[in-house]
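K.L.:
Below is a structure I'd like to ask you about.
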Amino acid sequence: MKKIFFILFILSFEVLFSQTESQKKTELTFATYNVSMESDNYSPKGAMGKSEQILIYQLNSGLNTQIRNIAEIIQTVRPDVILLNEFDYIKDPELGVKAFIKNYLNVSQGRATAIDYPYYYYSTVNTGQPSPYDLNNDGKFNNFGNDAWGYGMYPGQYGMVLLSKYPIDVKAVRTFQYFKWKDMPGALLTQKADGSDWYSKKAWKEFPLSSKSHWDVPVEIGDKTVHFLVSHPTPPTFDGDEDRNGKRNHDEIRFWRDYISDNSASYIYDDKGKKSGLPPDSRFVILGDQNASPVERDAIREGIKSLIESPKINNDFTPASKGGAGYSRKNPFGVNHTAFWRMRADYVLPSRLGFKVVDSGVFWPAKGEPMSELVEKRESSSDHRLVWIKVILE
């Protein structure tokens, strides 16, 4: 009889241990972070001849204090998957993303423990890609800057990188860099004061919707697939009364709302020509600096509101921080701000399907708290804050 009870005890312990291990494996942290790792961050404003070579030098030195602080923040939060916005496109991974991982993330920074990301995805973007048109209508054909397909002084400025602890199904990645803005039904058209079209017919025919790109990156977590939908819409400012950037920002955000919808995505095609949105009943997480808030500042707010309020998205939580609240004491929305210029700009939006959200936050310690020096100034790390959520994969 004692032997039977002993066997039952061992079996119960094994079941409990197995359940505990299973729970540990399915608890995940997802994050987005605009790291401002582009050439303007490491050289004087207005300097000529800028390119991704400036970031390459900083990544391979392993000594840049600003990047070390960024790495310490990532090592502290320890996301399983993280999107880095404003990470210049560097074609050779040995000089770019792998150098960042090896020389900064794989090295313990400050009080944090080193972290590794064996999987990553990045690709080309529209920023700095020259157009042959006068897109800002200033009478000059500059190719770059405001006349590029996405604002940038060289191709790949303000690019994106996705880092993951879990395998990425690279062959199944969908990119939408070349999806034409004109092909979005109901696109917000830009007009001059006299009511004529802002963009020439030739320019509008070629104009991409994405100022950087939109990517659907499937990540394999155990036997489940999670689609990470990543982007970085243009700021809705730096234009005029025509609001060309505000309208583009709205439609770039709307793209994901339509993509996850069961009945609004039929117009969408990817860079390989495949038409369709996200398959129904997919797990997904939308990541990125959306440059828009549903409650304040300059964006056409309906864009971000309609995305957050999609029935497919879990919006029962809003990441918050003590640091944001203290930095904007008179602003009731300060607790949810994700940038030092006082706005909620960065988002981690999981699908209702497949996840149980257990926690969320913005890495912004209150003044005087441990690690607050990492976000004390613009030059300490970035003008944005890392935003994260913790979920149980179901």
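The values are calculated or read from the model by the stated rules, or taken from the named source; none is laboratory data. As the structure is a prediction and not an experimental result, all values here were calculated from the model. FYI the Cβ positions are ideal-geometry reconstructions off the backbone, even for glycines, and counts take in every protein chain you see. To get the accessible areas, we keep the full protein, side chains included, count just its heavy atoms, and leave off ligands, DNA and RNA. Shrake-Rupley method; radii C 1.70, N 1.55, O 1.52, S 1.80 Å.
K.L.:
What is the list of residues in the range 39-78 whose amide nitrogen lies under 15 Å from a point 7 angstrom out from the Cα of ASN106, following Cα to Cβ?
P.N.:
Residues passing the 15 Å test: 59-63.
K.L.:
Angle, helix 2-26 long axis vs. longest principal axis of the chain, Cα atoms, 0 to 90°, nearest 10?
P.N.:
10 degrees
K.L.:
If I model a spin label at THR237 and ASP92 as a point 7 Å from the Cα along the Cα→Cβ vector, what separation in nanometres do I get?
P.N.:
For the pair THR237/ASP92, the computed spacing is 3.7 nm.
K.L.:
Which value, in Å to one decimal place, does the Kirkwood hydrodynamic radius take for the range 301-370 when every pair of different Cα atoms is included?
P.N.:
13.2 Å
K.L.:
Explain nothing, just the number: relative contact order of the range 171-262, from Cα pairs under 8 Å at least 6 residues apart, as a whole percent.
P.N.:
In percent, rounded to a whole number, it is 27.
K.L.:
Is the shape of the range 118-187 best called rounded, prolate or oblate, per the rule: a/c under 1.5 gives rounded, else a/b larger than b/c gives prolate, else oblate, with a ≥ b ≥ c the square roots of the Cα gyration tensor eigenvalues?
P.N.:
Oblate, since a/c reaches 1.5 and b/c is not below a/b.
K.L.:
So, in nm, how far is label SER200 from label ARG378 when the simple model puts each one 7 Å beyond its Cα toward the Cβ?
P.N.:
Between SER200 and ARG378, the label points sit 3.5 nm apart.
K.L.:
Kindly identify the range 235-394 as rounded, prolate or oblate by the Cα gyration tensor criterion: order the square roots of the eigenvalues as a ≥ b ≥ c, call it rounded if a/c is under 1.5, otherwise compare a/b with b/c, prolate if a/b is larger, else oblate. Mind showing how you got there, number by number?
P.N.:
On the way: a/c = 2.26, a/b = 1.40, b/c = 1.62.
Oblate shape, in that a/c is at least 1.5 and b/c is the bigger or equal ratio.
K.L.:
Follow-up. Quick check: pseudo-label points 7 Å beyond the Cα along Cα→Cβ at ASP134 and LYS330, how many nm apart are they?
P.N.:
In this crude spin-label approximation the distance works out to 4.3 nm.
K.L.:
In debye, nearest 20: dipole of the chain around its Cα centre with unit charges on the Cβ of K, R (+) and D, E (-)?
P.N.:
660 debye
K.L.:
Divide by every residue of the chain the summed helix terms, -39500 (n - 2.57) for each DSSP H run of at least 4, and state the resulting mean residue ellipticity at 222 nm, rounded to the nearest 500 deg cm²/dmol.
P.N.:
Details: 8 runs with 87 residues, N = 394.
The helix contribution divided over the chain gives -6500 deg cm²/dmol.
K.L.:
Same structure, new question: Would you mind checking the tilt of helix 244-260 against the longest principal axis of the Cα atoms of the chain, expressed as 0 to 90 degrees and rounded to 10?
P.N.:
The helix 244-260 is inclined about 40 degrees to the chain.
K.L.:
Along the charge dipole of the chain, Cβ charges K/R +1 and D/E -1, which of THR65, ILE304, SER108 sits furthest on the positive end?
P.N.:
Value computed over the given set: SER108.
K.L.:
Find, among the chymotrypsin sites (Phe, Trp or Tyr not before Pro) in the range 314-392, those assigned to loop by DSSP (not H, G, I, E, B) with at most 11 other beta-carbon atoms within 10 angstrom.
P.N.:
Those satisfying the criteria are TRP341.
K.L.:
Shape call for the chain from the C-alpha gyration tensor, a ≥ b ≥ c root eigenvalues: rounded (a/c under 1.5), prolate (a/b greater than b/c) or oblate?
P.N.:
Verdict is prolate for the chain.
K.L.:
Determine the per residue accessible area of the chain with all protein chains present and a 1.4 angstrom probe, expressed in square angstrom. Please list the in-between numbers first.
P.N.:
Working: 18050 Å² over 394 residues.
Using a 1.4 Å probe on heavy atoms only, each residue of the chain averages 46 Å².
K.L.:
Please report, as a whole percent, how much of the solvent-accessible surface of the range 237-378 comes from carbon and sulfur atoms (probe radius 1.4 Å).
P.N.:
Numbers: 3180 of 6480 Å².
Answer for the range 237-378: carbon and sulfur cover 49 percent of the accessible area.
K.L.:
Charges on Cβ only, +1 for Lys and Arg, -1 for Asp and Glu, centred on the Cα centroid of the range 120-217; of ASN137, THR190, PRO167, which one is farthest towards the dipole's positive end?
P.N.:
Comparing the listed Cα positions along the dipole, PRO167 ranks first.
K.L.:
Please tell me the relative contact order of the range 299-394 in percent, rounded to the nearest whole number, where contacts are Cα pairs under 8 Å and at least six residues apart.
P.N.:
28 percent
K.L.:
For the chain, what does the relative contact order come out to in percent, with C-alpha contacts under 8 Å and a separation of six or more?
P.N.:
RCO, the chain: 16 percent.
K.L.:
Between ASN142 and GLU394, what's the calculated FRET efficiency when r is the beta-carbon distance and R0 is 51 Å? Round to 0.05.
P.N.:
For ASN142 and GLU394, the calculated efficiency is 0.50.
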